[in-house]
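Remarks on the structure that follows.
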Amino acid sequence: MVNKGTIIYEPGNSINNKTGSWRVFKPILDNDKCIKCENCYIFCPEGCIQPDENGDFKIDYDYCKGCLICEEECPVKAITGIREEK
Amino acid sequence: MQNVKVITGTSAAAEAAKLADVDVIAAYPITPQTTSVEKLAEFVANGELNAEYIKVESEHSAISACVGASATGARTFTATSSQGLALMHEILFAAAGMRMPIVMMNANRALSAPINIWNDQQDSISQRDTGWIQLYAENNQETLDLIIQAFKIAENENVLLPVMVNLDGFILTHTVEPVEIPEKEKVLNFVGQYEPKHAYLRPEKPMTQGALGDPEWYMETRHDVQKAQDVALNVIKDVHDKFAEKFGRAYGNGLIETYNIENAETVLITMGSLCGTIKDVIDELKAEGKEYGLLKIISYRPLPTEEIKEALKGAKNVAILDKDISLGLDKGALFTDIAPFLKDKKTVNYIVGLGGRDIRKANIKEIIEHTENEAKDTETKWIGLKE
Ligand code: SF4
Ligand code: SF4
């Protein structure tokens, strides 16, 4: 819900704004191919690629804006951009 | 003992703002609003009104200052007209979207070119989609009464929208009428203190106002304003009833006012000072045994479509008089808004009084005559146009 007059009462609440709706392309990460080099983790401008507890990399699609920098940077082509479908 | 002053419409507006004890006024002088802000400046200067008067270099700054002031939780008032209102256009959206209960008096005046300082309602009509509530006064007393009510409507927790009270330039702004000035105590008691809960700047609770609303949120905020406009329909009625009870003056149901509509097959619809002339004509014709009715729109936004439909149940012919024109469509705003709800009646649009052209009783009689006898449905006729 939006506050009346779009007033924002707490600091840092941009986490509530799911910027992932901007996406045209969606990166798909194949953990079987992934060599855990962390390139995507470092280069993602949205900081939305993180390893999970098993060390597998996961993309947070709520914030991924589909720039596909991760696809570009992945040395083993473990990330593929596909057209976003809603 | 009643306190009656013989004053102009702009003075009535200034008196109303004073009675509501506004905290901040920011305004730029423009004909025919000027005398109103002069009066307010005088009130502040001589200590009659304890408010901050912000001098600005344009209307864009005036309304911006008002938004800023309102965002701190201050009761805020401004006044403008025509080109000045047009210059405010950009910020009018911000005021409504940010839900700032600012009250404005607008002296209705034509827009250039050619330069014209006289009355029509094109200025406020051109702002109809900004989200502001728009009320139209018929006379100076109603101006004062509407502005007092406007604060209570705007500041209602479920409304929180800015309200524009419109009065016809020169016709009301510069002519004097006896106006009853209620006691300040009584008005303050009615309007109450503005205690903003949604927005006011304070260091202990920082907040961001006027933030970016990306595609994820923008639509919701516009929908929110629409919901508030819906709620305002009831709030306006309610505030009106309470006002009527306390001050003894009533205007229809607060949204619309009907005059001799019960027995009339032909009804005229319009807003503002023209309603006074029409009431006179209706009385004259009634004396001759002819029944005509008037539906006066007080609240143009929100537009009370249900009330309008209900009031016109018995009518066959409806003449809609617009002091504005949507060029390229050849229709006025009231007509385009109301005619779709009146499919079972003959609806005729009259464009009248643009740029201060006088609308006389004879014109009203001509309109009635034409509506009944010659007019075709959904026709547009410009009254008094030189060939
Ligand atoms: S597409 Fe861009 S935003 Fe999305 S995960 Fe890859 S680098 Fe990050
Ligand atoms: S860049 Fe490719 S290989 Fe490296 S961690 Fe990311 S997905 Fe795995």
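The values are calculated or read from the model by the stated rules, or taken from the named source; none is laboratory data. Note that the coordinates shown come from a computational prediction; the quantities given were computed from them, not determined experimentally. Positions of Cβ are generated from backbone atoms using ideal geometry, with glycine treated the same way; all protein chains shown enter the neighbour counts. Heads up: the accessible areas ignore ligands, DNA and RNA and are worked out on the full protein's heavy atoms, side chains in. Shrake-Rupley method; radii C 1.70, N 1.55, O 1.52, S 1.80 Å.
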Folded to 0 to 90 degrees: helix B:140-154 orientation relative to chain B principal axis, Cα = 50 degrees
Chain lengthening between B:LYS343 and B:THR378 when straightened (0.36 nm per residue, less Cα-Cα) = 11.6 nm
Result for interface chain A to chain B, accessible surface buried in total, 1.4 Å probe, Å² to 100, stands at 1500 Å²
Calculated on alpha-carbon atoms, Rg and Dmax of the range B:38-157 in Å = 14.2, 42
Might you work out the accessible area of B:GLU15 for me, using a 1.4 Å probe with all protein chains in place, and round it to the nearest 10 Å²?
-> 10 Å²
Determine the share of the protein assembly as shown's accessible area contributed by carbon and sulfur atoms, expressed in whole percent, with a 1.4 angstrom probe.
-> 51 percent
Highest to lowest packing among B:310-322, B:213-225, B:23-35, B:139-151, scored as the average C-beta count within 10 Å | B:139-151, B:23-35, B:310-322, B:213-225
Quick one: Debye curve from the C-alpha atoms of the range B:118-253, no solvent, what's log10 I(q)/I(0) at q = 0.09, 0.10, 0.19 Å⁻¹?
-> -0.35, -0.42, -1.21
Cross-link reach from B:LYS361 to aspartates and glutamates, straight Cα distance under 14 Å and at least 8 residues apart if same chain, gives B:ASP280, B:ASP283, B:GLU284, B:GLU369
In 10 Å bins starting at 0, how do the alpha-carbon pair distances of the protein assembly as shown split up by percent?
-> 4, 19, 25, 20, 13, 9, 7, 4, 1, 0
What is the Cα convex hull volume of chain B when expressed per residue in Å³?
-> 148 Å³
Viscosity 1.567 mPa s, temperature 4 °C: Stokes-Einstein D of the range A:26-83 from its Kirkwood Cα radius, in µm² per second?
-> 117 µm²/s
Sparse-neighbour loop sites [trypsin sites (Lys or Arg not before Pro); the range B:258-310; at most 14 other C-beta within 10 Å; DSSP] = B:LYS290
Toward the positive end of the charge dipole of the protein assembly as shown, about the Cα centre and with charges on Cβ (Lys, Arg +1; Asp, Glu -1), which of B:GLY289, B:PHE43, B:GLY328 goes farthest?
-> B:GLY289
By how many degrees, between 0 and 90 and to the nearest 10, does the Cα long axis of helix B:9-19 differ from the longest principal axis of chain B?
-> 40 degrees
Taking the Cα-to-Cβ direction at A:VAL76 and at B:LYS184 and moving 7 Å from each Cα, how far apart do the two end points lie in nm?
-> 8.0 nm
Express in whole angstrom the spacing between the alpha-carbon centres of the range B:46-72 and the range B:261-315.
-> 38 Å
B:GLU306/A:ILE15 FRET efficiency (R0 45 Å; Cβ-Cβ; nearest 0.05) = 0.55
Reachable aspartates and glutamates from B:LYS5, Cα under 12 Å, same-chain residues fewer than 8 places away excluded?
-> B:GLU15, B:GLU177, B:GLU180
Relative contact order for chain B using alpha-carbon pairs under 8 Å, separation at least 6, rounded to a whole percent?
-> 16 percent
Shielding by partners - mean other protein chain Cβ count within 10 Å, residues of B:192-202 | 1
Let me know the volume per residue of the alpha-carbon convex hull for the range B:321-387, in Å³.
-> 95 Å³
Relative contact order of chain A: what whole-number percent is it, with Cα pairs under 8 angstrom and at least 6 residues apart?
-> 39 percent
Given R₀ = 30 Å, FRET efficiency for B:LYS55-B:GLU195 by Cβ-Cβ distance, to 0.05?
-> 0.60
Which aspartates and glutamates does A:LYS36 reach when only Cα atoms under 20 Å apart count, and residues fewer than 8 places away in its own chain are ignored?
-> A:GLU46, A:ASP52, A:GLU53, A:ASP56, A:ASP60, A:GLU71, A:GLU72, A:GLU73
Between B:GLU48 and B:ARG249, what FRET efficiency comes out of the Förster formula 1/(1 + (r/R0)^6) with R0 = 30 Å and r the beta carbon distance, rounded to 0.05?
-> 0.80
Expected field for B:TRP382, accessible surface area in Å² at 1.4 Å probe radius, rounded to 10, holds 80 Å²
Please list the non-local residues whose amide H lies under 5 Å from the amide H of B:ALA27, H modeled 1.01 Å from N, same-chain partners needing a gap of 5 or more.
-> B:ILE54, B:VAL56
Stretch gain in nm, segment B:GLN226-B:ASP129, where the contour uses 0.36 nm per residue and the Cα spacing is subtracted | 33.9 nm
Distance in nm between B:ASP280 and B:LYS316 label points, each 7 Å along Cα→Cβ, equals 2.9 nm
Could you work out how far apart the two model spin labels at A:GLU38 and B:TRP217 are, taking each label as a point 7 Å from the Cα in the direction of the beta carbon, and quote it in nm?
-> 3.3 nm
